[in-house]
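Participant: Have a look at the structure that comes next, please.
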Amino acid sequence: MTSRTQTPGSGLRCVHRMRFGALPVHDDDRLGGYDFGLWAPAHERVEVVIIGDAGDKRYYACAEAAGWHRCRVDSARPGDRYLFRLGGDREVPDPASRFNAQDVHGPSVLTAPTDFAWDEDWRGRPWEETVVYELHVGTFTREGSFAAAEARLDELASLGFTAIELMPIADFPGHRGWGYDGVLLFAPEAAYGTPDELKHFIQAAHRRRLMVFLDVVYNHFGPDGNYLHLYAPEFFTTAQQTPWGDAINFGGPASQTVRSFFINNALYWIEEFRFDGLRLDAVHAIRDTSQPHFLEELSQRVRAHALAAGRQVHLVIENVDNESRRLGPPAKAGRFDAQWNDDFHHAAHVLASGEDDSYYGDFGERPAAHLMRCLAEGFAFQGEQSAFHGQPRGQASGQLPASAFVNFLQNHDQIGNRAFGERLVTLVPGERLRALVALQLLAPSPPLVFMGEEAGATTPFLYFCDFPPELARAVRQGRQREFAAFAQFSATHPLPDPGALATFVASRIDWAARETQSGRQWLAFYRQLLDLRHTLIIPRLPGLVLEGSALAADGQQAFAVSWRAMDGSRLIFCANLGEAVSPPFSALVSGYAALPEMPAFVSVGGSSDAPDRLGPWAVRAYLVPSPDIAT
């Protein structure tokens, strides 16, 4: 549950109350200490350890009931460090710690959530207005902090972005990492700043009408710093496996407490930090055969909170399985607003680069057809056989609105999971990239841009971590094995060492490069397209329906897609993503013979001698106000 207190001029004070962790107790508006709770069914004896400034320790015995160990410490105050002692021996941090200043193996820190005053008028923005900017806090600026990222918000808002998505910030081992190895899921990474500094960043974004989303990982814990197996082995099940080992127990005995832990985590970020939405990482690795599925329960609980609070909160998933049944309007119980659309990326990448190794192999033969289907129907694979996965993949998605698919040309995975972290701007000719960017930013589906992409950044985004030596060596060797599947990544060039500080430093955005001629040109291009998106596309998204799509024959990479808006206008995209001149428009857009004579609101790429044909790597977008030109 959430507690909100409000006095005139004081702002909104928010705290998410739950059974897990430590919470301040107030008696007659005065702090009366903290309540502590730990679910440790494997231990009969648990104590709270309060650590003094001089390192002295005070121990407080917890009362046990049904695996829960609870106690109240009246003398505890904000800023105190604490641990839980198991069986009079092992001391561990709080798995629901709100802050761990000394990294994941160190003591937890008591916080005062209601000390932060939130603005009262922010309620979020409609999903249709979403234009996502994904960033990694540690490499977004030289300082790598919430405060430094906040200083860049004005520019992102002025460019036309409406949402910031933070890569995972749950406390992970060491001082640098992608965040997908988090182990203290309620504690913001201390290397980025304090909980209040994160709140200040979010409030600053809201004041610029920017939503803030958070990437959360509920499919596994990181390999270093997770102590749950010592006192709550019920968190895991050997009956199912994931790429990271034993699956989290979402459906077996004692799973209700496990599910509650993760659902409370989602509500905690949304309520106490007022995030506007969550992106759930790799939900295909969340194993649950119970009813309702964990994902449905989480969605229902978040929707109920948003409705009660009068807020617009959005939920997005990453799901290799392309399960369209999990997507749909928020009014449908258990659904998610959208899914990251890997199919769009893979088809676009194959078209631009010609690479068809590994998972790109499924898109190698007909990349233009796959991209067209993504624009028109969402998923390219809707139950067809996948050679890479060795089985049919996906479900029919044409019945869903375009807003259910987040399209991207780059993201942290698709750059950072390359051996050398190259960005598309260094891999493909500029004319190819500009044509694909125009399609991505102006198509009805919400676009996602990875940090630096808007300025043509050439700095790599590499995989980096800060693990102990033995684990770091295992990660290094694993990367070598992983890239054996990609022909272009030969062993003749050593991979950057994920554990080296230099790998992390090389991944930082070079903000000075934005002032170069190339940087200014890319920024102007993105600004122009996003301005058109806000002016012409977004107002027509509610009620927008697909009219049709057509692909050129004879191996051509040309296609057209058209949609009809509620006001009767038509949005038409014609694209030629190949080196040859396209067929006539009449072969692509049935019933619009006069289309070549109309002005396109966007014209990118090569021209041809004939007005009804597109040159190489060209995109034309039309807004037809009425059906009058149909013949």
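The values are calculated or read from the model by the stated rules, or taken from the named source; none is laboratory data. Everything numeric in this text was worked out from a predicted model, so none of it was measured. Every residue, glycine among them, receives a Cβ derived from its backbone with ideal geometry; neighbour counts consider all protein chains shown.
Participant: Under 6 Å between Cβ atoms, at least 6 apart or on separate chains: pull out the pairs that start in the range 445-473 with a residue that is of a type in the set (Val, Ile, Thr) and end on any residue that is part of a loop (DSSP other than H, G, I, E, B).
Facilitator: Pairs found: Thr459/Asp510.
Participant: Continuing with this model, one more query. Condition first: under 20 Å from Pro95 (Cα atoms) and either modelled with pLDDT of 95 or more or among the hydrophobic types (A, V, I, L, M, F, W, C) (or both). Can you find one or more residues in the range 1-11 that meet it?
Facilitator: yes
Participant: Considering Leu153, Leu198, Leu159, which residue is aliphatic (A, V, I, L, M) and buried (at least 22 other Cβ atoms within 10 Å of the Cβ)?
Facilitator: Leu198
Participant: Could you check the range 46-74 and list, in sequence order, the residues that are in contact with a helix residue (DSSP H, G or I) (Cβ under 9 Å, 6 or more places away or on another chain) and over 19 Å from Ser255 (Cα atoms)?
Facilitator: Result: Val46, single match.
Participant: Follow-up question, since we're still on this one. Can you name the strands (runs of 3 or more DSSP E) wholly within the range 527-587 that have at least 1 residues being within 28 Å of the chain's Cα centre (by Cα) and among the β-branched types (Val, Ile, Thr)?
Facilitator: 545-551, 558-564
Participant: In the range 316-341, which residue that is among the charged types (D, E, K, R) and within 14 Å of the chain's Cα centre (by Cα) is nearest to Gly277 (Cα to Cα)?
Facilitator: Only one residue tops the list, namely Asp337.
Participant: Can you name the residue in the range 216-253 that is of a type in the set (Asp, Glu) and in contact (Cβ under 8 Å) with a residue 40 or more places away in the chain and, of all such residues, is farthest from His69 (Cα to Cα)?
Facilitator: Here the residue is Asp224.
Participant: Gln256 passes all but one of (1) among the polar types (S, T, N, Q); (2) without any contact (Cβ under 8 Å) to a residue 24 or more places away in the chain; (3) part of a strand (DSSP E or B); which number fails?
Facilitator: For Gln256, the exception is condition (3).
Participant: Under the condition of being outside any helix (DSSP H, G or I) and among the aliphatic types (A, V, I, L, M), which residue from the range 426-469 is farthest from Gly416 (Cα to Cα)?
Facilitator: So the residue we want is Ala443.
Participant: Where in the range 65-108 are the strands (runs of 3 or more DSSP E), entirely inside, with at least 2 residues that are more than 35 Å from the chain's Cα centre (by Cα) and of a type outside the set (A, V, I, L, M)?
Facilitator: Filter on the range 65-108 gives 68-73.
Participant: I would also like to ask the following. Condition first: in contact with a helix residue (DSSP H, G or I) (Cβ under 9 Å, 6 or more places away or on another chain) and either outside any strand (DSSP E or B) or in contact (Cβ under 8 Å) with a residue 60 or more places away in the chain (or both). Now tell me which residues in the range 22-45 satisfy that.
Facilitator: Of everything in the range 22-45, those that are in contact with a helix residue (DSSP H, G or I) (Cβ under 9 Å, 6 or more places away or on another chain) and either outside any strand (DSSP E or B) or in contact (Cβ under 8 Å) with a residue 60 or more places away in the chain (or both) turn out to be Pro24, Leu38, Trp39, Ala40, Pro41, Ala42, His43.
Participant: So which residues in the range 75-126 are touching a helix residue (DSSP H, G or I) at 6+ places or on another chain (Cβ under 6 Å) and over 22 Å from Pro188 (Cα atoms)?
Facilitator: Leu86, Trp122
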